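Down below is the structure, laid out as structure tokens.
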Amino acid sequence: MGVMRVLHVAPEAYPLAKVGGLADVVGALPKALRPLGVEAHVLLPWHGGLEARRVGEVAFAFFGREERAPLGERVEGGVRFLLLGVEGFGRERVYGYPDDAERYLRFALAAKEVARGYDLVHAHDWTAALLALYAPTVYTIHNLAHQGLVDPGLFFSWTGLPWSLFHMEALEFYGRVNLMKGGIVFARRVTTVSPSYAEEIQTPEFGMGLDGVLRRHAGKLRGILNGLDTEVFDPGKDPYLPAPYTREDPSGKARAKEAFRERTGLRPPVLAYVGRLDYQKGLDLVLKALPRLLEMGFRLYVQGVGDEGLQEAFLRAEEENPEGVRFLPAYDEAMARLAYAGAEAVLVPSRFEPCGLVQMIASRYGTPPVARAVGGLKDTVEDGRGGVLFETYHPEGLLYGVLRLFRLGAEEMGLRAMEKDFSWEGPARAYREVYREALG
């Protein structure tokens, strides 16, 4: 087989549009596939504010009528991005509108026309799941929590697909059409973003109502760990740090610790949390364990935006413990990098975690994670060597993890964590293998 041509279809991709980790994957994977003989292009909706050169238009049917959408092209970092200007997408946000289902179905129906020029479609999450019904598809689940539920009357009018697909073994899900279920059922191969999450989503606890479907299709399900863009996250040449450092010469890390202490006013040992303020991330455990942690002499740095209740709780914690807690309610890349480099440990106590990036970034910066043993955290943190894992979702579990880390030696563990290879090379090979199976 010569060069394999693959079209990634997704709602977001770094650096053009980014909401979460999905964008990082779609931005980085095509670059890593190129040296392996896979020519991968990325197709996105033409979101508001995106600049691109118009290269043509696409005709497709929606609601029984022919529509036309401009097609744009833009090359970034050696990757060819295609943009589809279907109706409803000239807005600033990627998701979060009442007509999201209609917009993304329109996008998918236009995308299937673009896909004709490729050997294979790699569809990401519910927004692109429909493509599995039309083209040879590998389907990736990034987060099972968002499934794309649509009223069947509207769905079959918009797509023109036959009602015979509306049954339990196909698209039907408690009286509605479930797009993610369609992706799982009709794709040739299904992947998710870590081996442990692939196991977990086949259980009622993590399966979000789709565990039965995933068990039935387990033969085509694979967990492939996300990589990390090791060019972007590199303490050896990070512009946000006061001095570069490597595993071989970690002396610059002391400068980062000093700068972190100056910026936060916190004395070591500091435990840091960087990321979304979301109950999925186990922040209720951090709040409940806080009095005991402070009693033992630890300090806490929290940075992130999200849930208002959590935001208020951390603001209150800082007011009550000005010496021991610092909360930054902002997305601030410079401070995040300083925390990854300058804290004594990073907390990742998630309820569930498909893959997770924080623990990989912290490890790369020589700061050991204390993480819960779920999903991608279990697959990336070497317990007792490059960090610590705890099982029980309870404040005591988190406390035990922190104490165990410092008993075993946090600094040595941080240096050992820097040995781990988080690059996209391995994952890209695994995806090429899945592509070959899908084209069989």
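The values are calculated or read from the model by the stated rules, or taken from the named source; none is laboratory data. No experiment lies behind these values; they were computed from the predicted model shown. Methodologically, a virtual Cβ is constructed for each residue, glycine included, from the backbone with ideal geometry; neighbour enumeration extends over all protein chains shown. For accessibility, only protein heavy atoms count, side chains too; no ligands or nucleic acids. Shrake-Rupley method; radii C 1.70, N 1.55, O 1.52, S 1.80 Å.
Points to keep in mind about this one:
- Close amide H partners of R222, meaning residues 5 or more places away or on another chain with modelled amide H under 5 Å apart, are V190, T191, T192.
- Loop-located GluC sites (Glu not before Pro) in the range 24-118 whose Cβ has at most 11 other Cβ within 10 Å (DSSP): E51, E92
- Three-way shape label, the range 1-144, alpha-carbon gyration tensor, a/c 1.5: rounded
- Cross-link reach is defined here as a Cα-Cα straight distance under 15 Å, omitting same-chain residues fewer than 8 places apart; for K378 the aspartates and glutamates meeting it are E199, E200, E353, E391.
- Solvent-accessible surface (1.4 angstrom probe) belonging to Y393, in square angstrom, nearest 10: 60
- With DNA, RNA and ligands ignored, accessible area of D383 (1.4 Å probe; Å², nearest 10): 80
- C-alpha center-to-center spacing [the range 92-121, the range 253-300] in angstrom: 41
- Residue with peak Gaussian network fluctuation, the chain [Cα springs, cutoff 10 Å], from V370, V94, V346: V94
- Alpha-carbon centroid distance for the pair the range 171-248 / the range 368-418, whole angstrom: 22
- The Cβ shell under 13 Å around A132 holds other residues with a net charge of +4, Lys and Arg each +1, Asp and Glu each -1.
- Largest accessible area first, the residues K253, K420 order themselves as K420, K253 under a 1.4 Å probe with ligands, DNA and RNA left out.
- All lysines inside 25 Å of K237 as judged from Cα atoms, apart from same-chain residues fewer than 8 positions distant: K18, K31, K253, K257, K420
- GNM flexibility winner over the chain from A128, A259, A343 (Cα, springs under 10 Å): A259
- Point-charge dipole on Cβ atoms (K/R +1, D/E -1) for the chain, about Cα centre, debye to 20: 800
- Using θ = phi - 60° and Karplus 6.51 cos²θ - 1.76 cosθ + 1.60, couplings along the range 46-57 (whole Hz; Gly, Pro as x): 7, 5, x, x, 8, 8, 7, 8, 6, 10, x, 9
- Residue-level accessible surface for H41, protein heavy atoms, 1.4 Å, Å²: 20
- Cα gyration tensor shape for the range 50-98, rounded if a/c is under 1.5, else prolate or oblate: oblate
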